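This report refers to the structure that appears directly beneath it.
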Amino acid sequence: MSLETRKLAVVRRLDDGTLIARCPVCASIGKDRKGEHLVVYPDGRFGCVVFPGDAGWLHRKAIWEAVGDRKRKRPPLVLKFTVKPKE
C-alpha cells in the first residue's frame, strides 16, 4: 500500500527516506496542527502515531480513503495448494 504523498500537508523527509506529515484524519478533527502524526516508511507502510498497532486499523483505513494511491495495483493473491496425481 502506498499513499499519494503530494496530497499530504506539512511534509518532511528524514535521512532514511521516511516521511513525517500531517495526518489527514487527525487534521479533519482539528488535531495534528504541527504535522507530526503520520509516518510513511520508504516501503509504503504508514501509520498514525496517535493510533498505533492493531487498534489503529480503522484510522489507517480512513487515511487510505483520504490519500491512498488508487492507481497502484494490489499484488496478486497467491494461494498455496497441492496437486494430487489422478488415480
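The values are calculated or read from the model by the stated rules, or taken from the named source; none is laboratory data. Treat the numbers as computed from the prediction; the structure is a model and nothing was measured. Cβ: placed from backbone, ideal geometry, glycine included. Neighbour counts: every protein chain shown.
List of remarks:
- With respect to (1) loosely packed, with under 10 Cβ neighbours inside 10 Å; (2) modelled with pLDDT of 90 or more, the lone exception for residue 31 is condition (1).
- Scanning region 10-28 for residues that are within 21 Å of residue 61 (Cβ to Cβ), surrounded by 13 or more Cβ atoms within 10 Å (Cβ to Cβ) and more than 15 Å from the chain's Cα centre (by Cα) turns up just one, 27.
- Taking the conditions (1) surrounded by 12 or more Cβ atoms within 10 Å (Cβ to Cβ); (2) assigned to a loop (DSSP other than H, G, I, E, B); (3) at pLDDT below 90 in turn, residue 44 satisfies each one other than (1).
- Residue 53 falls short on exactly one of the conditions (1) surrounded by 12 or more Cβ atoms within 10 Å (Cβ to Cβ); (2) out of contact with any Cys (no Cβ under 8 Å at 6 or more places or on another chain), and that condition is (1).
- Number of the exception - residue 46 against (1) in contact with a strand residue (DSSP E or B) (Cβ under 6 Å, 6 or more places away or on another chain); (2) closer than 12 Å to residue 8 by Cα: (2)
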